[in-house]
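Take a look at the structure below.
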Amino acid sequence: MPRSATLTLVATLAAATLLSAPASAQFYKDKTLTLLINYGVGGNADTEARVYQRYLPKYIPGAPNIVIQNAPGAGGINAVNMLGLGLGPKNDGFTMGYFTLSALESIVGNPAFKVQIWDFAFAAAARGLNVTYGRKDIAPGMTKPSDLAKAKNVFIGGYARASSHDTRLRLALEIMNVPYKLVTGFPATADINKAMLQNEVNFSGSSLPGYQTQVLPQIIEPGIGMLFFQYPTIGADGKPAGNANLERQGVRIFDDVYREAFGKPPTGPKAEALLTMNDIGTKLQRGLMFPKGTPADAVNTMRKAVMELAKDEEFQKEFQKTTSERADLVSGEELEPVFNRMRDIDPAVKKVLQDAVAD
């Protein structure tokens, strides 16, 4: 065969090989993927995201470099708006949010929230647990969780008044008829804990990464503070249910602490609103999400990669070491029922939440 014909054949075969390779393998090859975090360095989402940063690349065809970009502010809303509106990050598949989600913003129609959660293209969502904690010297003195019902001068450390974090803490205290003041605007868990150590706030909440890495060593183990309760979800029987692992550690659900203090379970619109928020917030605590209009190839590639990552025992061991729980991931394709529930929330519950945000 003539040399020119041979070169032509080689070039043709090479082109055919390139065209036959999966588009996803070419999409991220020699590229950088930015994980945008909506809270500060050292916060819960940031701590988790850095575990993903180490393990996720090997499951993405093309093995891109992953970098972290923190964009805290407004209780996590700033980064959500940035990504959703294309204010810096583009919908080209090379910026993905790893966000702590606030279902409340979409439910009540917070005007500061310029996009809806269900407008994003989700690669996956992660379930997560939250606990509340506070200083033992909250007057008249805290020795057991149900003492919270007698508390005076409670100062809540929060992120933003309309955030799920702040609203759930406020609703819990209001259901118990506990007077409080909200001190909000903290960018991350570390800042709340610093304020708690300085006795500027004395009550707050955290998901498990922040609890394990900061609350436990800084607040609980030194004897400065204590855990009060975990937020329940709606169990298979329709009743409030807690995480079994936390319950084995002695962390009871809010409803049980309330029952011990008052001799009956919490009832009424605020109790229903709190349980609804807890259920949605736990099942949709974090989102790995792209802005609307991101190439389908990027979204589908990431969906497959994240669900493969969930099977990686090394990743799960490190994640569990960090948070005390394994990463509980749900594919983006399975989230529509949760979004439907948010869109069709009970009007009475919605009214309570709207009033809470407007207070």
State all residues of the range 93-126 that are at pLDDT below 90 and within 20 Å of F290 (Cβ to Cβ); if no residue qualifies, say none.
L101, S102, A103, E105, S106, F113
Against the condition touching a residue at least 12 places away in the same chain (Cβ under 8 Å) and either more than 14 Å from F122 (Cβ to Cβ) or under 21 Å from the mean Cα position of the chain (by Cα) (or both), how does R303 come out, does it pass?
yes
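Residue-wise test of (1) at pLDDT 90 or above; (2) polar (S, T, N, Q); (3) over 23 Å from V80 (Cβ atoms); (4) surrounded by fewer than 17 Cβ atoms within 10 Å (Cβ to Cβ).
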| residue | (1), (2), (3), (4) |
| --- | --- |
| G287 | yes, no, no, no |
| D297 | yes, no, yes, yes |
| T301 | yes, yes, no, no |
| D312 | yes, no, yes, yes |
| Q320 | yes, yes, yes, yes |
| G332 | yes, no, no, no |
| P337 | no, no, no, yes |
| K351 | yes, no, yes, yes |
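On the basis of being touching a residue at least 24 places away in the same chain (Cβ under 8 Å), within 21 Å of the chain's Cα centre (by Cα), surrounded by fewer than 21 Cβ atoms within 10 Å (Cβ to Cβ) and outside the structural domain of L173 (by TED's automatic domain parsing), does D328 make the cut?
Numbers: touching a residue at least 24 places away in the same chain (Cβ under 8 Å): yes; within 21 Å of the chain's Cα centre (by Cα): yes; surrounded by fewer than 21 Cβ atoms within 10 Å (Cβ to Cβ): yes; outside the structural domain of L173 (by TED's automatic domain parsing): yes.
Yes: the conditions hold for D328.
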Tally of residues being more than 19 Å from T233 (Cβ to Cβ) and part of a loop (DSSP other than H, G, I, E, B) across the range 251-267
2
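Is the range 196-209 home to any residue that is over 30 Å from D328 (Cβ atoms), surrounded by 24 or more Cβ atoms within 10 Å (Cβ to Cβ) and in contact with a Phe, Trp or Tyr (Cβ under 6 Å, 6 or more places away or on another chain)? Even if it seems obvious, please write down each step before you answer.
Initial filter on the range 196-209 (over 30 Å from D328 (Cβ atoms)): 197-200, 202.
Filter once more, so that each one left must be surrounded by 24 or more Cβ atoms within 10 Å (Cβ to Cβ): 202.
Pick out the ones that are also in contact with a Phe, Trp or Tyr (Cβ under 6 Å, 6 or more places away or on another chain) and you get 202.
Yes.
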The one condition D92 fails out of (1) crowded, with 19+ Cβ neighbours inside 10 Å; (2) part of a loop (DSSP other than H, G, I, E, B) is (1)
Given the conditions (1) basic (K, R); (2) within 19 Å of D297 (Cα to Cα); (3) at pLDDT 95 or above, which single one is not true for K90?
(3)
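Report the residue count in the range 36-86 for those that are closer than 20 Å to S163 by Cβ and assigned to a loop (DSSP other than H, G, I, E, B).
Step one: list which residues in the range 36-86 are closer than 20 Å to S163 by Cβ, which gives 36-49, 70-85.
Filter once more, so that each one left must be assigned to a loop (DSSP other than H, G, I, E, B): 38-43, 71-73.
Matching residues across the range 36-86 total 9.
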Complete set of residues in the range 120-138 that are among the β-branched types (V, I, T) and outside any loop (DSSP other than H, G, I, E, B)
V131, T132
Residue under question is R259, and the condition is that it be within 28 Å of I107 (Cα to Cα) and modelled with pLDDT of 95 or more; does it hold?
no
Among residues of the range 151-170 being of a type in the set (K, R) and either assigned by TED's automatic domain parsing to the domain that holds E105 or in contact with a strand residue (DSSP E or B) (Cβ under 9 Å, 6 or more places away or on another chain) (or both), the residue surrounded by the most Cβ atoms within 10 Å (Cβ to Cβ) is R168
Consider only pairs whose beta carbons are under 8 Å apart and that are at least six residues apart or on different chains; among these, list those whose first residue lies in the range 191-210 and is within 16 Å of A45 (Cβ to Cβ) and whose second residue is part of a helix (DSSP H, G or I) and among the hydroxyl-bearing types (S, T, Y).
S206/T189; S207/T323; L208/T323; P209/T47; P209/T322; P209/T323; G210/T47; G210/T189
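The values are calculated or read from the model by the stated rules, or taken from the named source; none is laboratory data. The model shown is predicted, which means the values in this text are computed figures rather than measured ones. Cβ sites come from the backbone with ideal geometry, for glycine too, and all protein chains shown count toward neighbours.
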